[in-house]
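One structure below.
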C-alpha cells in the first residue's frame, strides 16, 4: 500500500500532515495531541514539512497556527522533490562511471587466450552486443545466411544501435555477405541499415559468393562465431567468443582477399 513515507516523509511527518488535513488550522500543541507526535518533536516535524512546502503557518497568531496544503498540491511537490533527487543521483552516478572508466581502462589488456560461450537467444544477444560495444578500432561482420544479427523483430535494433555507437566513436565497420542474402532479407532490414549506418564513411558493405559461416572479428583480437541450430540453419543456437590474436590473425588473412574480390553494395 502506498504511503507518504514512499515519497520521503518520516513517520512523524506523515502523521502530522495527515492530522492537519483533518483538523484544519491548529496549534502545535493540539496537533501533537491528535497526531501522536511527541510534544518534544512536534516543532521540528512542523518545520520540516514546512520546508517541504506541505504546510502554511500563521505567524501573527498567538499561539502560532498551521494549516495543511491541499493533498494534490502537496503530492505534486513531493513528487517534484523526488524527481529532482533522482536526477541529481543519476548525474552523480554518471560522474562516478566517467571516473572509473579511465581508472579501469588504464590497466594493460591481458593477451592470454580466453574463450567463452553463450547458448540461447537472450544470452547470445547479450554476448554479441557486449563484444560489439567493446570494439575500439575495427568490426568485421561476415554472414553466409540470415541469422540473428539481421533478425529485426527481436535483436536487430540492438545490433544496429550498437554498430551505430561504434561508428560514432570512430570504429570501422565492414560487412561481407553472400549475394543471395541481400534478396532474402526483409526490406525493413535494408532500411534500418541505410538510415542508421550507411551515413557513416567508416561503414561499408560488400557481397561475395565465397563466404561461409557467420562471425564477427573485433579489433583483430577476438572472434565471435555464431553457431547455427542443428535443426534450423537460419537460427543461431550459440555464440562462441574466442580471444586469441593468432586465431584472429588467421581469420583476417582469410577475410582480406575475399573482401578485395567482393562487390561493393549500396544498401
Quiz item: If a residue has to be closer than 14 Å to residue 140 by Cα, surrounded by fewer than 18 Cβ atoms within 10 Å (Cβ to Cβ) and touching a strand residue (DSSP E or B) at 6+ places or on another chain (Cβ under 8 Å) to count, how many in the range 237-254 make the cut?
Solution: 1
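With respect to residue 92, determine if the residue is loosely packed, with under 11 Cβ neighbours inside 10 Å and over 18 Å from residue 5 (Cα atoms). Working first, answer last.
Values: loosely packed, with under 11 Cβ neighbours inside 10 Å: yes; over 18 Å from residue 5 (Cα atoms): yes.
Judged against the criteria, residue 92 is a match.
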Practice problem: Just one of (1) part of a strand (DSSP E or B); (2) out of contact with any helix residue (DSSP H, G or I) (no Cβ under 7 Å at 6 or more places or on another chain); (3) modelled with pLDDT of 80 or more trips up residue 239, so point out which. | Solution: (2)
Self-check item: Filter result (in contact with a strand residue (DSSP E or B) (Cβ under 9 Å, 6 or more places away or on another chain) and within 18 Å of residue 10 (Cα to Cα)) within the range 21-63
Solution: 21, 28, 31, 34, 46, 49, 50, 54, 55
Quiz item: If you scan the range 129-165, which residues turn out to be crowded, with 20+ Cβ neighbours inside 10 Å, touching a helix residue (DSSP H, G or I) at 6+ places or on another chain (Cβ under 8 Å), at pLDDT 90 or above and farther than 24 Å from residue 263 by Cβ?
Solution: 132, 135
Quiz item: Do we find that residue 206 is more than 25 Å from residue 121 (Cα to Cα), in contact with a strand residue (DSSP E or B) (Cβ under 6 Å, 6 or more places away or on another chain) and without any contact (Cβ under 8 Å) to a residue 60 or more places away in the chain in this structure?
Solution: yes
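The values are calculated or read from the model by the stated rules, or taken from the named source; none is laboratory data. Predicted model only: the values in this text are computed from it and were never measured. All Cβ positions, glycine included, derive from the backbone under ideal geometry; neighbour counts span all protein chains shown.
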